[in-house]
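Peer 1: Sharing a structure, written as structure tokens. Questions coming.
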Amino acid sequence: MTMLADDEAVEAIALADGGIMEALPAAGIHVSLSTISTELSRRLTEAHAGKGQSFVSAPVFGRPDAAAAQRLVVVAAGPAAAIARVRGLLEAIGRKLFVIGEDPPAANTLKLAGNFLIVSMLETLGEAFALLRKSGIEPAQFMEIVNGNLIQSPIYENYGKIIAERRFEPAGFKLRLGLKDVRLLLSAAEERSVPMPLASLLRDHLLSAVAAGMGESDWSALAEAASRSAEL
């Protein structure tokens, strides 16, 4: 079972000489919890199959505190027999397991789409908060009114509090990794001929934030881009 930051790290530990694929016996199962590209997920599926092994992609939703509390949401895809063998492990690390089919890249596509929703929410919160601050309204008061009345979401509640307090350190998920995920999303979208103009905008805003030195901050620091544009 592996959870690594990006394609390069996963490829190095899985496909390199002496890596997971060589170490696993025939009928062994490689379970990846990493957010990787659909292209690498496909290559891993084919490479393990060529060795008589199975690949299960099982990326997770949840920040470090959710992982520590075993409250992750796990999205898995892979051969049915392999999923059955590792189900207990996947259920043990999270509060909910979703099995979405036998094609591992499908789990990676779903994870990238989910992260796209989250980063889109970070952008909209940042823009709304910039307007509120410049109008003399406290973002915390706004969130108290909106979350639970117009919207009911723990993600809005948690990230809204972080952004309102401008508490971007320590990073639960680094902004540079958010940029990586949006790039992977756009690559998957291009492969399927799916235009995603908002994702393109988010990539540019994340890239600007990295250029401004925020790459190691929590990805909710994306909201600061709107504050800077508003000269706050």
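The values are calculated or read from the model by the stated rules, or taken from the named source; none is laboratory data. All figures in this text were calculated on a predicted structure; none of them were measured in a lab. Ideal geometry is used to build each Cβ from the backbone, glycine not excepted, and the neighbour counts take in all protein chains shown.
Peer 1: Identify, from the list Leu131, Leu232, Leu207, the residue that is part of a loop (DSSP other than H, G, I, E, B), farther than 24 Å from Gly62 by Cβ and in contact (Cβ under 8 Å) with a residue 12 or more places away in the chain.
Peer 2: Going through Leu131, Leu232, Leu207 in turn, just one is part of a loop (DSSP other than H, G, I, E, B), farther than 24 Å from Gly62 by Cβ and in contact (Cβ under 8 Å) with a residue 12 or more places away in the chain: Leu232.
Peer 1: Now for a different question. Return the residues of region 93-111 that are of a type in the set (Val, Ile, Thr) and within 21 Å of Asp181 (Cα to Cα); say none if nothing qualifies.
Peer 2: The answer is Ile100, Thr109.
Peer 1: Being in contact with a strand residue (DSSP E or B) (Cβ under 9 Å, 6 or more places away or on another chain), of a type outside the set (A, V, I, L, M) and outside any loop (DSSP other than H, G, I, E, B): is that true of Gly160 here? So that I can check it myself, show each step before the final result.
Peer 2: Numbers: in contact with a strand residue (DSSP E or B) (Cβ under 9 Å, 6 or more places away or on another chain): yes; of a type outside the set (A, V, I, L, M): yes; outside any loop (DSSP other than H, G, I, E, B): yes.
It is true that Gly160 is in contact with a strand residue (DSSP E or B) (Cβ under 9 Å, 6 or more places away or on another chain), of a type outside the set (A, V, I, L, M) and outside any loop (DSSP other than H, G, I, E, B).
Peer 1: Grab the strands (runs of 3 or more DSSP E) fully contained in region 1-87, keeping just those with 2 or more residues being more than 14 Å from the chain's Cα centre (by Cα) and either charged (D, E, K, R) or not assigned by TED's automatic domain parsing to the domain that holds Lys174 (or both). Break it down into steps so the answer makes sense when it comes.
Peer 2: Details: elements: 29-32, 54-57, 72-76.
In region 1-87, 29-32, 54-57 are the strands (runs of 3 or more DSSP E) which contain 2 or more residues that are more than 14 Å from the chain's Cα centre (by Cα) and either charged (D, E, K, R) or not assigned by TED's automatic domain parsing to the domain that holds Lys174 (or both).
Peer 1: Please determine whether any residue of region 126-146 is surrounded by fewer than 16 Cβ atoms within 10 Å (Cβ to Cβ), outside the structural domain of His48 (by TED's automatic domain parsing) and within 18 Å of the chain's Cα centre (by Cα).
Peer 2: Among the residues of region 126-146, not one is surrounded by fewer than 16 Cβ atoms within 10 Å (Cβ to Cβ), outside the structural domain of His48 (by TED's automatic domain parsing) and within 18 Å of the chain's Cα centre (by Cα), which makes the answer no.
Peer 1: Then there's this: Looking at region 117-136, is at least one residue within 30 Å of Ala77 (Cα to Cα) and either β-branched (Val, Ile, Thr) or at pLDDT below 95 (or both)?
Peer 2: Yes - at least one qualifying residue is present in region 117-136.
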